[in-house]
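To start, the structure itself, in structure tokens.
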Amino acid sequence: MVIKSFLAKQLGNPSGIFGRFLMKLLNRENAEMNDLALEQLNLQPEDYVLEIGFGGGYLMDKIAATQIPSCIVGIDPSIDSLQVGKKKFNKQIAQGYIEVKQASAESLPCCHRFFDKVCTVNTIYFWSDTKSVLHECYRVLKQGGKLVICYNSKAFLEQTELTKYGFTAYEVEDVELLMQDSGFTEIATTSAHSAGNGLFHCTSGIVG
Ligand SMILES: C[S@@+](CC[C@H](N)C(=O)[O-])C[C@H]1O[C@@H](n2cnc3c(N)ncnc32)[C@H](O)[C@@H]1O
């Protein structure tokens with residue numbers, strides 16, 4: 001019980017030596033989820049991309065490796081995650097290709113209508129106000145811009161008991177409805193399985 005509570009806190013805010021170890025582990029364990037998010041982003045040349053809650057930086061690394069977008073911004077409230085990102089993307093930050101900032105999804109430090117794509121993987125469980133986060137995503141996306149949210153199934157989070165330790169779990173219908181209420185159109189969900197994450201979902205929507 002103490003271990004699960006500690007792990008749940010670390011997943012929501014990786015910190016210290018354990019947090020840094022966890023970020024490396026997440027880069028491996030969540031690879032399939034992040035790969036699905038990358039696929040769903042359908043990156044286009046000159047895209048401006050924002051990742052919310054980049055953790056150990058696996059997805060930003062994959063996005064950068066495509067060399068398709070013009071610019072990638074990552075935000076995460078964890079100071080350790082920020083430090084890991086600064087070190088990992090040292091060269092791309094110096095070149096002005098990647099930017100990392102300490103911030104939360106609830107208040108994005110970004111201009112209106114700046115990004116073509118916004119993505120986030122395994123962070124929705126920690127949002128204090130899902131509606132305001134979705135409004136923030138809508139605000140920073142350009143007309144026709146795409147939001148991609150990847151998350152564990154509610155059944156998986158209940159089975160692992162993370163819902164008992166502060167994780168908010170969502171059914172696909174909940175996420176789709178919340179996105180629709182926030183103004184997104186062309187909402188669609190793709191689901192997949194992985195050994196570490198069981199069933200997971202990737203829901204996307206377009207700023208209409
Ligand atoms: C479970 S980790 C997932 C990291 C990575 N996206 C992945 O899939 O491996 C959750 C990440 O979300 C961040 N996070 C927690 N609450 C957040 C919030 N309100 N807004 C943005 N990021 C948040 C944490 O600091 C952590 O880096």
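Where a number appears in this text, it was derived from the coordinates with a stated rule and is not lab data. A quick note: this is a predicted structure, and the numbers were derived from the prediction, not measured. Heads up, the Cβs are rebuilt from the backbone with ideal geometry, glycines too, and the neighbour counts pull from every protein chain shown.
Give me the number: length gained by fully extending GLN159 to ALA195, i.e. 0.36 nm times residue separation minus the C-alpha to C-alpha distance, one decimal in nm. Provide the component values of the computation, followed by the final result.
Values: separation 36, 0.36 × 36 = 12.96 nm, distance 1.43 nm.
Extra length from GLN159 to ALA195 when fully extended: 11.5 nm.
Ignoring aspartates and glutamates fewer than eight residues from LYS154 along the same chain, the ones with Cα atoms less than 17 angstrom from its Cα are GLU171, GLU173, ASP174, GLU176.
Contact order for the chain, expressed relative to its length and based on alpha carbon pairs under 8 Å spaced 6+ residues apart, stands at 20 percent.
Stokes-Einstein diffusion for the chain at 4 °C, viscosity 1.567 mPa s, with a Kirkwood radius from C-alpha pairs, works out to 76 µm²/s. From the Cα gyration tensor of segment 1-53, with a ≥ b ≥ c the square roots of its eigenvalues, which class applies: rounded if a/c is under 1.5, or else prolate if a/b is larger than b/c, or else oblate? Note, shape of segment 1-53 comes out prolate. Among GLY55, GLY74, GLY166, the residue with the largest mean-square fluctuation in a Gaussian network model of the chain, with springs joining Cα atoms closer than 10 Å, is GLY166.
For the residues ILE93, ILE17, ILE75, what sequence is obtained by ranking on other C-beta atoms within 10 Å, fewest first? It would help to have the intermediate numbers written out before the result.
Details: ILE93 15, ILE17 8, ILE75 24.
Least crowded to most crowded, the residues run ILE17, ILE93, ILE75.
Students often forget the sequence filter, so: which aspartates and glutamates lie under 18 Å Cα-Cα from LYS91 once same-chain residues fewer than 8 apart are removed? In chain and number order, the partners are ASP61, GLU99.
Given a cut-off of 30 Å, name the pairs among LYS117/LYS164; LYS87/LYS117; LYS4/LYS131; LYS24/LYS146 whose C-alpha atoms lie farther apart than that in the structure shown. Kindly include the intermediate steps, with their values, before the conclusion.
Working: LYS117/LYS164 32 Å; LYS87/LYS117 24 Å; LYS4/LYS131 28 Å; LYS24/LYS146 28 Å.
Beyond 30 Å between Cα atoms: LYS117/LYS164.
Helix-only mean residue ellipticity at 222 nm, the chain, DSSP H runs n ≥ 4 weighted -39,500 (n - 2.57), per residue, nearest 500. What is it? Dividing the helical sum by the residues of the chain leaves -12000 deg cm²/dmol.
Restricting to segment 2-207, what percent of DSSP beta bridges are antiparallel, rounded to 5? Write out the running numbers ahead of the final one.
Working: 16 of 36 bridges.
So the antiparallel bridges in segment 2-207 amount to around 45 percent.
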